[in-house]
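> Have a look at this one before I ask anything.
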């Protein structure tokens, strides 16, 4: 009997607690209305912000398009100043880009590899000179890129100078060494007519190209076409010889 | 005392019945339709918030793009001045 009473009491308590908590979770009509009002206000405010932002974005897009036109007009005027146009500028830009790629490729080489490919440095330098002759080269974009290319070429020239071959002059009786014969050697220039390069590269120790001494250590400049200075020195030498 | 013992099951039965009635929704709260209305409103608000976030992001990108274009135009005008000077030389 006592057990029964306790069981009923527990059962009743469970239901009372259950009903109270159910009432706590459930929303009253007033609370519902308050939530509706709050969310309606927030929705309306956010909706207004969305519409305002859409209008701002549309305005920014219109400004951006107008700016595109202004930029194009300005660039056309810029190219026209040097008697060119956008198509020619694009082609010129691509040519400079190609030269830059070649320069970067050569810059990555070791000094020894660069020495072996010094003719490519010469060719690159000649191409950059040609590019500098283009009327578009006065435009800062191109002017700056060409200046950077020249710096790279100068840097490569320094590397080539720093790792230049050195030839130690042997005896005439054994080696038949003179500038002509040294230049003719396979591992030097393989071309006797290039001897003025050795002369001009060693002006500090060769006053007369006909006179070199056993044991002299001569720097061998990088192979490639003779510079105007080397040609001029050779011409003056041949004139002097012809006059004698 | 014995009377009270006999009344106890009755009292418990009343409590049990009242609990059932309260939990079964016999109250003055919003009905199912009204709750759906509130939930729809919440969803609408959440969607608008999401749209606003995307629009704000787009606005930031457009402002950045416009600033870059303004810089490009300024550089172009500066370049024109430099070229005029170089041609003049």
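The values are calculated or read from the model by the stated rules, or taken from the named source; none is laboratory data. Because the structure is predicted, anything quoted here is derived from the model rather than measured. So basically every Cβ, Gly included, is an ideal-geometry build from the backbone, and we count neighbours across all protein chains shown.
> As an exercise: evaluate residue B:10 against (1) more than 17 Å from residue A:74 (Cβ to Cβ); (2) modelled with pLDDT of 95 or more and give the number of the one condition it does not meet.
Going through the list (1) more than 17 Å from residue A:74 (Cβ to Cβ); (2) modelled with pLDDT of 95 or more, residue B:10 breaks only (2).
> Another one. Mind telling me which of the residues B:33, B:44 ends up being more than 10 Å from chain A (Cβ to nearest Cβ) and not in a loop (DSSP other than H, G, I, E, B)?
Details: B:44 fails: more than 10 Å from chain A (Cβ to nearest Cβ).
None of the others qualify; the one that does is B:33.
> Kindly indicate whether any position in region A:177-197 is exposed (fewer than 11 other Cβ atoms within 10 Å of the Cβ), out of contact with any strand residue (DSSP E or B) (no Cβ under 6 Å at 6 or more places or on another chain) and assigned to a helix (DSSP H, G or I).
Residues of region A:177-197 that are exposed (fewer than 11 other Cβ atoms within 10 Å of the Cβ), as a first pass: A:186-187.
If we keep only those that are out of contact with any strand residue (DSSP E or B) (no Cβ under 6 Å at 6 or more places or on another chain) as well, we get A:186-187.
Pick out the ones that are also assigned to a helix (DSSP H, G or I) and you get none.
No; the residues of region A:177-197 include none that is exposed (fewer than 11 other Cβ atoms within 10 Å of the Cβ), out of contact with any strand residue (DSSP E or B) (no Cβ under 6 Å at 6 or more places or on another chain) and assigned to a helix (DSSP H, G or I).
> From (1) part of a helix (DSSP H, G or I); (2) exposed (fewer than 13 other Cβ atoms within 10 Å of the Cβ), pick out the condition that doesn't hold for residue A:56.
(2)
Let's see how each residue does on (1) outside any loop (DSSP other than H, G, I, E, B); (2) at pLDDT 95 or above; (3) exposed (fewer than 13 other Cβ atoms within 10 Å of the Cβ):
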position: A:90; (1), (2), (3): yes, yes, yes
position: A:94; (1), (2), (3): yes, yes, yes
position: A:102; (1), (2), (3): yes, yes, no
position: A:122; (1), (2), (3): yes, no, no
position: A:130; (1), (2), (3): yes, yes, yes
position: A:144; (1), (2), (3): yes, yes, yes
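> Out of all the residues in region A:130-140, which are free of Cβ contacts under 8 Å to residues at least 12 places away in the same chain and closer than 16 Å to residue A:88 by Cβ?
Filtering region A:130-140 for residues free of Cβ contacts under 8 Å to residues at least 12 places away in the same chain gives A:130, A:133, A:137, A:140.
Selection gives A:130, A:133, A:137.
> Is there a residue in region A:75-85 that is more than 10 Å from chain B (Cβ to nearest Cβ) and surrounded by 16 or more Cβ atoms within 10 Å (Cβ to Cβ)?
yes
> Exactly one of these conditions fails for residue A:171: (1) modelled with pLDDT under 90; (2) surrounded by 16 or more Cβ atoms within 10 Å (Cβ to Cβ). Give me its number.
Condition (2) is where residue A:171 drops out.
> Still on this structure, please answer the following. In region B:47-89, what residues are at the interface with chain A (Cβ under 7 Å from one of its Cβ atoms) and within 26 Å of residue A:35 (Cβ to Cβ)?
Scanning region B:47-89 gives B:48, B:49, B:51, B:52.
> Oh, and also: Please go through region A:208-244 and give me each residue that is assigned to a helix (DSSP H, G or I) and crowded, with 16+ Cβ neighbours inside 10 Å, ordered by number. Don't jump to the end; show me each part of the working.
Going residue by residue through region A:208-244, those that are assigned to a helix (DSSP H, G or I) are A:228-243.
Answer for region A:208-244, where residues must be assigned to a helix (DSSP H, G or I) and crowded, with 16+ Cβ neighbours inside 10 Å: A:230, A:233, A:234, A:237.
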